[in-house]
Structure formats: structure tokens, C-alpha cells
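Right, one structure below, let's go through it.
Any read-out appearing in this document is the output of simple, stated calculations on the displayed coordinates, not a laboratory observation. This one's a predicted model, so the numbers in the text were calculated from it and none came from an experiment. Here the Cβ positions follow ideal geometry from the backbone for every residue, glycine too, while neighbour counts run over all protein chains shown.
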Amino acid sequence: MIFVNIAVEDDLSEIVLRKILEQSESQFSIMNCLKQNGSGFLRKNAVKFNTAAQSIPFIVLTDLDQKQCPVLLIKEWLGETKRHRNFLLRIAVHEIESWVMADRSALAKFLQISDDNFLQNPDDIGDPKRFLLNVVSKKCRKRSLKEALLPLPGSTATQGRGYNLVLGDFIRNSWRTSYAVESSPSLRRATAAINQLADLNQLK
């Protein structure tokens, strides 16, 4: 058993990261999950998390959003601090929804639509959440899903009230890392790094 701490932007990112670790080749046990609504908290504490990784492995998951390069983002967050081998800062390109959409067949089945509605490389989508909601709005015929996922007409919200609940259930019960990595290079890199982290700690 490999004990780890994790830090994430939001509830959906936490569910995805927990699922990745659950479906990993190694057995992980999450000791603590840190999140405070957004990447600002993660960026502010990245160096502290890196230091804490000396005692227990630490995995941080954030979105690339509109930034140009994951490598530059990592350098920006850590500055001149040398990354500890037990500290992982992984980046979903461009948002966690791109990883969710990477398992095209499972998500299409869940929404009861054709998987042709999703791109084969969701990392290429600049605004994955908007893309997903547009698909739901135009293609999904199941009323309960649309009401949960889509913001109310005239609302300033970016998602429906049941967005995290509904997608969270999908991720926990149907989303498959092994299929999603085939469509998302950033997810594939993240899972490879997690497997490497496991190898390092199993040798202790």
C-alpha cells in the first residue's frame, strides 16, 4: 500500500484523480485531499507541497486552462525549487473535462448519444467544459441529464446544479482510465508519472 496526499482544484478533479489511483497498477491510499476552489490555492502552496513530499508522496492536479505550456506552468509554480521525486504536479489539458471525454464510448453510452459527438483527441479542445455542455444541449435527449448538467436559462452559472453529482457518478461507475489514456496524451503522461511514483515507493 502506497500512502499519498493529493491536492486538486475542485470536486470533479478529486473524483477523477481518485479514480485514476483506484485503477492504477498499484494500491494507493489517500491520506488527505486538499482543495479550496481553484488553482490559486494550489499555486500558492506548490512549494510547500513539494517540501511535504519528503515525508509522504504528494500529487497535485490542476487544469492548463488557457496557459500555453504545461512545462512553463510547472516552472512558474515551483520557481527555482528543485522538484522532489515524490512530488507530482500533473496538468489536465486543457481542463479535467477533456480527460472525462477521453473515454468516448463510456460517456456516449451514459448520455445515450453517439460517440461520434466527441473528438478522438479531447486535449485539442480549448474549452472542454463548454464543448461538453454544447454536446449535452444539442444531442442528449434525456431530460434529467440535461436539467442536471446545463445551467438554467438566463443564469450566469457555467454549469448546472447537478453537474458534479452526475458526472461524478459517471466517473466512479463507468469511466475507464485504460481507455481514456488512448485519446488524451496529457492523461497518459499523468498515469505514467503516477506509475513511476509507485515504483519508486515500492522499492523503499
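Tabulated data
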{"read-out": "Cα gyration tensor, the stretch 101-179 - rounded (a/c under 1.5), prolate or oblate", "value": "prolate"}
{"read-out": "Greater than 20 Å apart at Cα, pairs in Lys109/Lys142; Lys109/Lys146; Lys44/Lys67; Lys67/Lys129; Lys67/Lys138; Lys44/Lys82", "value": "Lys67/Lys138"}
{"read-out": "Highest to lowest packing among 135-144, 90-99, scored as the average C-beta count within 10 Å", "value": "90-99, 135-144"}
{"read-out": "Residue-count net charge about Leu89 - beta-carbon cut-off 11 Å; Lys, Arg +1, Asp, Glu -1", "value": "+3"}
{"read-out": "Helix axis angle, 128-139 relative to the chain longest principal axis, alpha carbon, degrees", "value": "20"}
{"read-out": "Using θ = phi - 60° and Karplus 6.51 cos²θ - 1.76 cosθ + 1.60, couplings along the stretch 95-101 (whole Hz; Gly, Pro as x)", "value": "9, 4, 4, 5, 5, 4, 6"}
{"read-out": "Rg in Å to one decimal, and Dmax rounded to a whole Å, for the stretch 1-42 via C-alpha atoms", "value": "10.6, 31"}
{"read-out": "Cut-off under 5 Å, modelled amide H: who pairs with Leu34 long-range", "value": "Ile6, Ala7, Val8"}
{"read-out": "Whole-angstrom gap from the stretch 9-37 to the stretch 163-204, using each part's C-alpha centre", "value": "9"}
{"read-out": "Fewest-first ranking of Asp199, Asp65, using other Cβ atoms within 10 Å as the exposure measure", "value": "Asp199, Asp65"}
{"read-out": "Rotationally averaged projected area of the stretch 31-114 (alpha carbon convex hull; nm²)", "value": "7.0"}
{"read-out": "Amide H contacts of Phe118 (H built 1.01 Å from N, under 5 Å, at least 5 apart or other chain)", "value": "none"}
